[in-house]
1. I need the fraction of alpha carbon pairs in the stretch 19-70 separated by more than 13 Å, rounded to a whole percent.
2. Points 7 angstrom from Cα along the Cβ direction at Val167 and Glu131: gap in nanometres?
3. One-quarter of the Cα convex hull surface for the stretch 75-226, in nm²?
4. Taking a spot 7 Å from the Cα of Leu176 along the direction of its beta carbon, which residues of the stretch 135-168 have an amide N less than 12 Å from it?
Amino acid sequence: MTQITKRGAGRPRKALLDRDRIGVVALELVDASGDFTLPELARRLGVQTASLYHHVDGRAGVIELLREQVSGAMDPTTLDDEPWDVALARFFRSYRQVFAAHPRVVPLLTTATIRSASVIHAYDRMVARLEEAGIPPEKAMRILTALDNFVIGSALDLAAPDVMWEVPEGVVVPALSAALAAQPVNRKRADEAFEEGLGRLLASVAAEFGLVGAAATSEASEASEAS
């Protein structure tokens, strides 16, 4: 008669907690409420708060996991496209879409030091593309920071209400009223404004340094018309 030996209690075959799962659940909390606490995150994960510290360095560590979750949805392969301005434009379009899907994570990420390896590698590639195009390194981060600021604002614009301007009765502003009436509504308004700004920013960089950079502006127009 074969004796069946019961498996004793011990470590589960699959870890109950890992960095990816912490990041996924933290992002769900931030999407829902705009913030998180470590005790709340632990409850959602079904673990003790102390267990989180085996995987992350407190709140700051969780914020970096949020950054990794968001950046993981971006497409860094576009940074190898040609020419340089098309590569950056395509990457920042991807960047905008991801932040538009998670607008509440923006304040947490923009007020925390960047330590995520994947994000640092992407920016290293962007700096390299700018330098390859002839832009000096002391200007590269200034340009990327300006693009960052513009794209994050554009992502938040996608989360804005359909009617952003409502002129009160009795307020006479003919120039503004005419401009508002002429612009498209809903998503198309935000998309056209983004493409206009992105194209102009990249074109101004190309003009300043005497670079060939008309392709991104042309592609921006096509993207705007298709939206």
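1. So the pairs more than 13 Å apart make up 48 percent of the total in the stretch 19-70.
2. So the two model labels end up 5.1 nm from each other.
3. Its Cα hull, projected and averaged over all orientations, spans 10.7 nm².
4. Within reach of a label on Leu176, which here means backbone N under 12 Å from a point 7 Å along Cα→Cβ, the stretch 135-168 contributes 165-168.
Taken together, the values in this text are just the output of simple stated rules run on the coordinates, not laboratory data. Remember, predicted model here, so these are calculated numbers, not experimental data. We place every Cβ from the backbone using ideal geometry, glycine too, and count neighbours over all the protein chains shown.
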